[in-house]
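Following: one structure in structure tokens, then a few remarks.
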Amino acid sequence: MKKHFKLTAILLALLFVIPFSGCKLISSILNPSESTAPDTPTEDPATQPPNPEVNAELLGDWYGVFFISDADGKYKPNAGVRNDCVMRVSADETGSGTAYAVVNGVGELFDSVSAKVGKDSVVLTGAVFGRNIEWKLDLMGKKLVMSELFGEGSDYMRVEMKLMHCGEEWTDDDAPAGYAFTQAHGFGDLVTIMGGDKAKLPAISAEGVNQKLSTDADPGPAETPAPGFHDAGRVTSEGGNFSVVLPEGFTVAVNNEFQFILTNTDSDVVSVSFTVTESNEDPLEKLINDPTQWSVSKGYFVHFTIDGFDCYAAAVHAEDSSANSRILLYGTDGTYFLTVEYVVATDVMRAWAIIDDTPEGVPESRFRTLVLGALINGRGE
């Protein structure tokens with residue numbers, strides 16, 4: 001799955017990341033080889049009369065959030081995964097057409113499913129991960145909203161999507177994690193960033209339809225050189241496993257072959273510890289099943305890519321009676337397993353604010369600079 005995050009390293013260089021969840025578990029559980037989807041017959045649009053209720057506002061390019069709000073059975077580990085996603089809807093004057101959607105970290109959600117566009121909704125039919133679906137997205141204000149079940153019996157997921165046309169302003173808590181980046185750098189590369197294929201975007205012939213996924217250029221700055229492991233201004237661990245930039249006020253508390261621990265006595269950061277071991281554990285599964293995670297307050301996990309490591313993080317309450325809370329981050333590059341424990345002397349919601357980039361008086365750049373900007377085991381050389 002790491003190939004789906006080719007551009008995330010560039011985002012890290014800009015001190016920005018797009019958090020995502022559930023990539024590995026979704027792809028391993030949903031096996032297209034076990035397809036239950038029959039062939040879906042399609043109507044010949046040439047034989048259909050024009051539909052006066054076709055709403056052209058529903059056509060074009062959409063950007064928003066893919067979220068699994070509930071899951072059980074074999075899909076239960078996916079509950080709470082949340083990812084940015086993009087979708088293009090194309091249809092003729094009869095309302096018949098196709099749709100293509102990509103979820104960051106998962107890749108293609110569906111490839112050319114049939115789309116039926118009406119006055120205030122889009123109905124999608126076809127195969128998603130080998131299962132036949134009929135999903136309805138309703139236009140609510142400027143948002144296209146969906147909540148549908150995937151699976152059958154006790155093996156199911158509640159799949160939700162909230163989308164707005166590319167470039168529309170998000171002003172609420174539903175904003176995609178990568179919203180600020182896309183506003184600054186355009187939408188033209190999002191399909192590729194998220195693991196899709198721009199060549200599969202269906203053609204749109206109607207005039208005035210949002211097509212930013214294929215036409216929007218990146219007005220952002222040119223890519224800067226990747227940081228080096230031993231660059232000036234970086235601190236390396238004694239064992240040679242880590243290279244970090246220390247934000248203002250941070251000092252090295254422990255630095256030996258086995259431990260690399262940082263602290264900041266002038267702030268609410270109690271300690272930040274880094275460890276890396278040789279292991280092929282699944283970081284999301286470990287975070288979900290860790291017996292110490294008795295209170296993951298939001299019920300979802302945030303995805304980061306750190307120097308080639310596929311990572312998941314969550315904020316959790318303290319295990320004891322102290323006022324501290326923690327950000328736990330686990331990651332893997334397929335050979336090594338990364339653990340970062342970021343302890344703060346605040347409540348767990350403030351810890352989530354650090355992850356979510358929605359702080360009130362919390363200098364979240366410390367977390368981004370120190371943790372998300374870390375280089376691991378000499379990979380920056």
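The values are calculated or read from the model by the stated rules, or taken from the named source; none is laboratory data. What you see is a predicted model, and the numbers here were worked out from it, not measured in a lab. As a convention, Cβ positions derive from the backbone with ideal geometry for all residues, glycine included, and neighbour counts pool all protein chains shown.
Data table
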item	result
Any hit, segment 188-202, residues being out of contact with any Gly (no Cβ under 9 Å at 6 or more places or on another chain) and closer than 23 Å to Thr94 by Cα	yes
Among (1) touching a Pro at 6+ places or on another chain (Cβ under 6 Å); (2) farther than 23 Å from Glu169 by Cα; (3) in contact (Cβ under 8 Å) with a residue 60 or more places away in the chain, the one test that Glu93 misses	(3)
Qualifying position, being over 22 Å from the mean Cα position of the chain (by Cα) and buried (at least 16 other Cβ atoms within 10 Å of the Cβ), among Leu124, Leu163, Leu137, Leu144	Leu124
Flag for Ala177 being under 28 Å from Thr305 (Cβ atoms), at pLDDT below 90 and either assigned by TED's automatic domain parsing to the domain that holds Val209 or out of contact with any Phe, Trp or Tyr (no Cβ under 6 Å at 6 or more places or on another chain) (or both)	yes
Segment 121-178, residues that are under 16 Å from Arg88 (Cα atoms) and in a loop (DSSP other than H, G, I, E, B)	Lys142, Cys166, Gly167, Glu168
Lone unmet requirement of (1) at pLDDT 85 or above; (2) over 19 Å from the mean Cα position of the chain (by Cα) for Tyr330	(2)
Residue count for segment 66-111, restricted to those that are in contact with a strand residue (DSSP E or B) (Cβ under 7 Å, 6 or more places away or on another chain), closer than 24 Å to Ile204 by Cβ and not aliphatic (A, V, I, L, M)	14
Pairs with Cβ under 9 Å, 6+ apart, first in segment 105-120 and crowded, with 20+ Cβ neighbours inside 10 Å, second modelled with pLDDT of 90 or more and of a type in the set (D, E, K, R)	Gly105/Asp84
Among (1) modelled with pLDDT under 95; (2) surrounded by 15 or more Cβ atoms within 10 Å (Cβ to Cβ); (3) closer than 16 Å to Leu59 by Cα, the one test that Phe187 misses	(3)
Breaking point among (1) in contact with a helix residue (DSSP H, G or I) (Cβ under 9 Å, 6 or more places away or on another chain); (2) surrounded by fewer than 16 Cβ atoms within 10 Å (Cβ to Cβ); (3) more than 19 Å from Val65 (Cα to Cα); (4) modelled with pLDDT of 90 or more, for Gly208	(4)
Pair list, Cβ under 6 Å, 6 or more apart: segment 268-285 residue more than 16 Å from Gly334 (Cα to Cα), other residue modelled with pLDDT of 90 or more and among the charged types (D, E, K, R)	Ser273/Glu341
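Listed here are the residues, each with its yes/no results for (1) outside the structural domain of Ala315 (by TED's automatic domain parsing); (2) outside any helix (DSSP H, G or I); (3) at pLDDT 85 or above; (4) touching a Ser or Thr at 6+ places or on another chain (Cβ under 8 Å).
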{"position": "Glu248", "(1), (2), (3), (4)": "no, yes, yes, no"}
{"position": "Ala253", "(1), (2), (3), (4)": "no, yes, yes, yes"}
{"position": "Ile261", "(1), (2), (3), (4)": "no, yes, yes, yes"}
{"position": "Ser271", "(1), (2), (3), (4)": "no, yes, yes, yes"}
{"position": "Phe274", "(1), (2), (3), (4)": "no, yes, yes, yes"}
{"position": "Glu281", "(1), (2), (3), (4)": "no, yes, yes, yes"}
{"position": "Leu287", "(1), (2), (3), (4)": "no, no, no, no"}
{"position": "Thr292", "(1), (2), (3), (4)": "no, yes, no, no"}
{"position": "Lys298", "(1), (2), (3), (4)": "no, yes, no, no"}
